[in-house]
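Okay, so here's the structure we're looking at.
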Amino acid sequence: MRALLVIADIGGYTRFMRVHRINLAHAQYIVAQLLEALIDAGEPHLQLAKLEGDAAFFYAKLPDRPKEDELASFSGRVAQLRRGFLARRMEIESNRMCTCDGCTQAGQLKLKFVAHVGEIALQKIKRYTELAGVDVIFVHRLLKNTVPVPEYILMSEPVYAHLEADLREHARPTHEELEGLGAVTTHYVDFVELARDFAAWGVTESLVPSRLRRIWGWIKMTVRSLPYFVGIRRSCDGFRNMGNVDPSLAPAELAGPSSTAALASFQTTPPPIDPKS
Ligand SMILES: [Zn+2]
């Protein structure tokens, strides 16, 4: 089966934030929120194949015979994903009450994409469907690349060949050496540059600060990050963009303070609100 394969990848947390359990638990929550926004923005055209730590792997089935206009709406979909991400990031930032590194660095998180068109096989494993095939490996290998800007989409030749003219004008070629697959020519578009020329690639609306929304946001984050904070679940496990997580932050039964001690030190009252906001 032919398909368009797209990976949306979130990065931007600095490595030094790994030292505290609370940072990691909140980073986990924030990245999950942003991934949720991406999945919502992708529906119904881009289907989620898998959540992969701090990335979401999407696909869209294509006709068996390549059609001239099969990717006609592709750039619009990517713009929609990016807008969904930016809007949620702005919401998280404007509602922020916590001062941990995980929360204060949320506003600088970046989104990049890699895209490819190829053949896939759907493999059923119990109740999950996995995508398989060399093109699935190919699109994942694109994540390790030499693109010199932080926010971009990197495309293989088959995607670039069908790109709309205005987007193609902004594309620049790169040559990537993909592990096990050899050298390929790819093309990338810098989102920051694109957003300067096209309003559809940025977010123009702003959020009115609301005290109630901030408190509600804080409660939601506290409750949802609790299993990660006490070590029942592992924070930021499988995040590609955060380096190795400090082993002392492994689940409580394996290392670190006991769950009760961790619970006792968990902040149970919201931080004071600045009356000006
Ligand atoms: Zn925090």
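A short reminder: the numbers here are calculations on the coordinates, not readings from a lab. These numbers come from a predicted model, not from an experiment. Cβ atoms come from the backbone with ideal geometry, glycine included; neighbour counts cover every protein chain shown.
Here is how the numbers come out for the structure above:
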{"read-out": "Residue list for region 204-225, filter: of a type in the set (A, V, I, L, M, F, W, C) and surrounded by fewer than 16 Cβ atoms within 10 Å (Cβ to Cβ)", "value": "LEU207, VAL208, LEU212, ILE215, TRP216, ILE219, VAL223"}
{"read-out": "Subset of region 89-114 [under 14 Å from the mean Cα position of the chain (by Cα) and away from the ligand (no atom under 16 Å from the Cβ)]", "value": "LYS110, LEU111, LYS112, PHE113, VAL114"}
{"read-out": "Verdict on THR129 being exposed (fewer than 15 other Cβ atoms within 10 Å of the Cβ), out of contact with any Phe, Trp or Tyr (no Cβ under 6 Å at 6 or more places or on another chain), within 22 Å of GLY53 (Cα to Cα) and among the polar types (S, T, N, Q)", "value": "yes"}
{"read-out": "Residues of region 1-55 that turn out to be more than 22 Å from MET155 (Cα to Cα) and within 16 Å of the ligand (Cβ to nearest atom), as a count", "value": "21"}
{"read-out": "From the options SER210, SER225, residue that is of a type outside the set (D, E, K, R), within 19 Å of ILE92 (Cβ to Cβ) and over 21 Å from the mean Cα position of the chain (by Cα)", "value": "SER210"}
{"read-out": "Subset of region 145-183 [outside any loop (DSSP other than H, G, I, E, B), under 26 Å from GLY12 (Cβ atoms) and among the hydrophobic types (A, V, I, L, M, F, W, C)]", "value": "ILE153, LEU154, MET155, VAL159, LEU167, LEU178"}
